[in-house]
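Inspection log for the structure reproduced underneath, given as structure tokens.
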Amino acid sequence: MISILIIFTYTDPALAKTILEINNFQPSKLYERKLIWPDWRFPSALKRPGIKDDLIYPDWFEGGWDVTSEIESAQNQESIIHSAKFVRNTSGNLIADREYNTKSYALSTKTGGFLSVKNDPKSPNRQFAKLTEDRYLETKIIGRLQEKIDNNIFMTDELILQILHTPELSRVSQVETLTEFKKCRPNQNNEIHLNDFNICGEQFQAIYNQPGQNFISLPIKTEKFKLILRKNNYD
């Protein structure tokens, strides 16, 4: 990033305010992370959430949405259509209905063999999924960062420890998912109105081996997704 500062002999108050805002500008850590995709070498160093901490969304996520998710690089890949809910918790903060959202997505995929999904009642950061063939998937969020860029852009990054239990063995991996959400127009002809918009998203995901296996933790798989959330009128 290159900054150019022009200093005048006289600076009026408005210009002084602009210069102050430039000098106080803090670059977005998540935007910088996005810029180096797909050249991620290690999982991002994210703050470990407390046992009761959850990801807090802006108010414009509230309600139910129909979600279209597709892998950007895949050819002839069908989009995954599912639904998502964002609800208020007991503190009045807007959070994702993680159990509902994960179940809706998992049961809409043709792979994975998901049978059921349950949240850990003691923490929003753990989930358990029952799979076919006597398999179980345990996920635990071990790192999180969220940034509200402005009133129309919201970014999140979560690092998940994922343990797949099978009758023969357990396999551990780390999954980092960075998502940039933006308000977007319902179609190309309309402007974004207060209560008339979709949410468009870019999602970047990297899967790493379990911690400590290699000094350099290069991803073993990377994928980029495009998301569109359209407001629905049902619960």
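Nothing in this text is a laboratory measurement; each read-out follows from the coordinates by a stated rule. Quantities reported herein were computed from a predicted structural model and do not represent experimental measurements.
Under the classification rounded if a/c is under 1.5, otherwise prolate if a/b is larger than b/c and oblate if not, where does segment 40-160 fall, given a ≥ b ≥ c as square roots of the Cα gyration tensor eigenvalues?
Numbers: a/c = 1.37, a/b = 1.21, b/c = 1.14.
Rounded is the answer for segment 40-160, as its axis ratio a/c remains below 1.5.
For LYS103, the aspartates and glutamates whose Cα comes closer than 16 Å to its Cα, not counting residues fewer than 8 places off in the same chain, are ASP66, ASP120, GLU138, ASP235. Kindly identify segment 101-192 as rounded, prolate or oblate by the Cα gyration tensor criterion: order the square roots of the eigenvalues as a ≥ b ≥ c, call it rounded if a/c is under 1.5, otherwise compare a/b with b/c, prolate if a/b is larger, else oblate. Taking the square roots of the gyration eigenvalues as a ≥ b ≥ c, segment 101-192 is prolate.
Remark: for residue pairs LYS47/LYS110; LYS110/LYS148; LYS29/LYS130; LYS29/LYS110; LYS34/LYS85, the C-alpha separation exceeds 29 Å in LYS47/LYS110; LYS110/LYS148; LYS29/LYS130; LYS29/LYS110.
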